[in-house]
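Here's a structure for you.
The values are calculated or read from the model by the stated rules, or taken from the named source; none is laboratory data. Please read these numbers as outputs of a predicted model, since none were measured by experiment. So basically every Cβ, Gly included, is an ideal-geometry build from the backbone, and we count neighbours across all protein chains shown. Protein only, heavy atoms only, side chains kept; ligands, DNA and RNA dropped before computing areas. Shrake-Rupley method; radii C 1.70, N 1.55, O 1.52, S 1.80 Å.
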Amino acid sequence: MNRNLSRRTLLRLALGTGILAGGAVIYKQTESVGLDKWLRWMLRGQTARLASPTRVALATVPSYDADLLGAIRALWRDANAPNLENARVVLKPNLVDSIPGRPCFTAPQVTRALIQFLRDEIQVKSVVVAEGTTFRRDPHAILLETGYREMLTQERIEFVDLNYDDLVKIPLRGGYAKMDFLFMARTVVEADALISLPKLKTHHWTRISGSIKNLFGIVPGVKYGFPKNTLHIHGIDAFLAELLDSLPTPKRFALVDGIVGLQGDGPLFGTPVATGALLGGGDFLAVDATCARLMGFDPAQIEILAFMAWAGLGQIEAAKIELRGASLDELQKRYEPAPRV
Amino acid sequence: MSRALEFLRASQNADGGWGYKNGGMSFVEPTAAALLAFSLDANSNTQVQRARAFLKTLQRQDGGWGIAAPDDESGWMTAWAVWALASHEPAAAERGVGWLLQNAGIRVADQKQVEGVKNVLHIDATITGWAWQPGDAAWIFPTALSLLALHAQNVREHPRVQESIQFLLDRAISTGGWNIGNPFMVTGSLPPTVENTALALMALDAFGIENETTRRAQNVLAQENFTHTAFEWAWRAWYWKTIHAPLERARATLETLQRADGSFDGNVFTTALVALTFDI
């Protein structure tokens, strides 16, 4: 019997060992979520790489006294925003809290300009401002302190407290957070369009807080607690991926208040940065990747954005984001990152 | 304040419960608060009976309550239901107590994690209270509420009670009062909130705890510029009622905040809190 291995046998053995080792690595990597889900996310991510670039628009807005309406008009056009004529629209600003000297919430001037634009120029069917606050149960105190109460009264716009809205059970499509369903506020579920209106800021859990993190406010605090910590326990990245993937509103858009951003210890205790920018788009991930670049960060280094891009929930690569309007290079700042917790 | 009661009567749902808003889905919390308020009124027996029946219907097999009918997991609103049913439905309340005593917030044992949490949040993570949902950390509101529910059901000496009192004292803000759960976050002190401060004080008062922490919190609650909404005034007034403090100023302020329909902010829960305070 020939005890020397032939070259062919050796190659076969090497190939077999390679396949087994590769399989073991994939098994280990996918053990916690299951191979089928991992493959689905990976394939969707690879498919997204072949898609045409998504559009994000920027506008230079030096202050809250500038022509916000004009900036939103240009941005809406440049971003190729969805047609919202006759739509029931929910505006979701970030009203996390009100702390003197800390620009941690979306400025009411931006929300007011968007309301006027949607109502008077787009002619939506209805528009409400909605939020489910996280640190305080009483949104009225925050509305009062942030200037929202006065603005909403003047504009005759209803505020919906998403923490106390009727519950709708939404099946989760992604499987990222090991949850089968999520309770969501009826106002959001039944709307034709959701516009996420975040503040441009850093965040000590998610590195940045943009249009996706802002979605935390649409789940009810009475179920998930104040500050909705149960959802952090499911893995904040995974849970936000679920929210983005399972949003029931057929149309969506993000408009970010980056006129004065917040750097350092976000979401609450950071310091102001005059950035002079509004930005918007329909792909929340692309909008948030652009937010990261605007703050001087590499979106590929932000785990939550990198994971969602890998899973095909949107674009973060510069080559896949078609920027329109003002120049990102001219607006870009160097934000102090949030401390790692 | 009788208009508040009229608003509550008109907003009771066909199932006997109340939503947070008039006509909204029935939840356990506003139902329990309205039930406690109507229990003070001899002419509201119908509302009371229907509300009790609603709560009993929603009690789950494990003895706890979810937040509303579609919620199939027991959680923090169990404490509201126990409190509201304690005097007239002892069997249901006792099963609720069983659930409360079996469920606690996360208790951290790993020393490294304990030190990390101490650094970032300035709290002792080895002490726990009650969570909003099973599997979560403990927070001020569900802990204080559970203590009050246990007190209403005459559970006074249980180790969970003693630990939860320590939990409240540990989470107090050094300058006075409580917020949702931690007095500090990464680089900044979190300010107190009215509902957490008032409820924690009510719980500690029920168990006879009086010390420098409670005195500081009382001072915070008495500050003129601290509260300016109906929700915040309602909580403050409810606490003052429990310690027999004067209520004239709270009443006068709340009257200016009452809407034409008799409600406060159109919110059933807030309106029930006001009704609870003024013995209507």
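Looking at A:GLY270, A:GLY280, A:GLY276, which is the one that is within 23 Å of A:ASP97 (Cβ to Cβ) and either open to solvent by less than 10 Å² (accessible area, probe 1.4 Å) or at pLDDT 95 or above (or both)?
One residue alone meets the criteria, A:GLY270.
Name the helices (runs of 4 or more DSSP H) wholly inside segment A:233-341 in which the number of residues that are in contact with a Pro (Cβ under 8 Å, 6 or more places away or on another chain) is 1 or more.
A:236-246, A:284-294, A:303-310
Here is a further query. Just to be sure, is A:LEU84 more than 14 Å from chain B (Cβ to nearest Cβ), closer than 29 Å to A:LEU313 by Cα and not in a loop (DSSP other than H, G, I, E, B)?
Working: more than 14 Å from chain B (Cβ to nearest Cβ): yes; closer than 29 Å to A:LEU313 by Cα: yes; not in a loop (DSSP other than H, G, I, E, B): no.
Considered against the rule, which asks whether it is more than 14 Å from chain B (Cβ to nearest Cβ), closer than 29 Å to A:LEU313 by Cα and not in a loop (DSSP other than H, G, I, E, B), A:LEU84 comes out as no.
May I ask you to list the residues in segment B:71-84 that are over 14 Å from B:LEU145 (Cα atoms) and in contact (Cβ under 8 Å) with a residue 24 or more places away in the chain?
Hits for segment B:71-84 are B:GLU73, B:SER74.
Give segment A:187-208 a look and list any residue that's touching a strand residue (DSSP E or B) at 6+ places or on another chain (Cβ under 6 Å), away from chain B (no Cβ under 11 Å), part of a strand (DSSP E or B) and not β-branched (Val, Ile, Thr), or say none.
Within segment A:187-208, A:ALA193, A:LEU194, A:SER196, A:LEU197, A:LYS199, A:LEU200, A:LYS201 meet the criteria.
Follow-up. Can you find even one residue in segment B:218-226 that is surrounded by 15 or more Cβ atoms within 10 Å (Cβ to Cβ), among the β-branched types (Val, Ile, Thr) and modelled with pLDDT of 95 or more? I'd like the intermediate steps shown before the answer.
Keep residues of segment B:218-226 that are surrounded by 15 or more Cβ atoms within 10 Å (Cβ to Cβ), which gives B:218, B:220-221, B:226.
Pick out the ones that are also among the β-branched types (Val, Ile, Thr) and you get B:220.
Narrowing the set further to residues that are modelled with pLDDT of 95 or more leaves none.
No.
Out of A:VAL96, A:VAL124, A:VAL110, which single residue is more than 14 Å from chain B (Cβ to nearest Cβ), in a loop (DSSP other than H, G, I, E, B) and in contact (Cβ under 8 Å) with a residue 40 or more places away in the chain?
So the residue among A:VAL96, A:VAL124, A:VAL110 that is more than 14 Å from chain B (Cβ to nearest Cβ), in a loop (DSSP other than H, G, I, E, B) and in contact (Cβ under 8 Å) with a residue 40 or more places away in the chain is A:VAL124.
Next question. Given segment B:1-104, what helices (runs of 4 or more DSSP H) lie entirely inside it while holding 3 or more residues that are over 19 Å from the mean Cα position of the chain (by Cα)? Before you say what the answer is, go through the steps one by one.
Values: elements: B:2-10, B:28-38, B:45-58, B:77-85, B:90-102.
In segment B:1-104, B:2-10, B:45-58, B:90-102 are the helices (runs of 4 or more DSSP H) which contain 3 or more residues that are over 19 Å from the mean Cα position of the chain (by Cα).
For segment A:133-146, enumerate the residues that are assigned to a helix (DSSP H, G or I), at the interface with chain B (Cβ under 7 Å from one of its Cβ atoms) and among the charged types (D, E, K, R).
First pass over segment A:133-146, keeping only residues assigned to a helix (DSSP H, G or I): A:139-146.
Next cut, at the interface with chain B (Cβ under 7 Å from one of its Cβ atoms) only: A:140-141, A:144.
None; the set is empty.
Return the total of residues in segment B:109-152 being on the phi < 0 side of the Ramachandran plot and either open to solvent by 30 Å² or more (accessible area, probe 1.4 Å) or small (Gly, Ala, Ser) (or both).
The qualifying residues number 26.
Here are some residues: B:MET202, B:MET185. Which one is at negative phi, outside the structural domain of B:TRP76 (by TED's automatic domain parsing), modelled with pLDDT under 95 and open to solvent by less than 40 Å² (accessible area, probe 1.4 Å)?
B:MET185
To keep it simple, each residue is scored yes or no on (1) assigned by TED's automatic domain parsing to the domain that holds A:ALA286; (2) loosely packed, with under 15 Cβ neighbours inside 10 Å; (3) farther than 26 Å from A:ALA311 by Cα.
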residue	(1), (2), (3)
A:GLY22	no, yes, no
A:GLU31	no, yes, no
A:LEU35	no, yes, no
A:MET42	no, no, no
A:ASP67	yes, yes, yes
A:ALA71	yes, no, yes
A:LEU75	yes, no, yes
A:ALA81	yes, no, no
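Something else now. For segment A:309-341, which positions are away from chain B (no Cβ under 14 Å), farther than 28 Å from A:TRP41 by Cα and open to solvent by 70 Å² or more (accessible area, probe 1.4 Å)?
A:ARG324, A:ASP329, A:GLU330, A:GLN332, A:LYS333, A:ARG334
If you take the residues in segment B:243-266 that are among the hydroxyl-bearing types (Ser, Thr, Tyr) and in contact with a Ser or Thr (Cβ under 9 Å, 6 or more places away or on another chain), which one is nearest to A:TYR164 (Cα to Cα)?
Filtering segment B:243-266 for residues that are among the hydroxyl-bearing types (Ser, Thr, Tyr) and in contact with a Ser or Thr (Cβ under 9 Å, 6 or more places away or on another chain), the one nearest to A:TYR164 (Cα to Cα) comes out as B:SER263.
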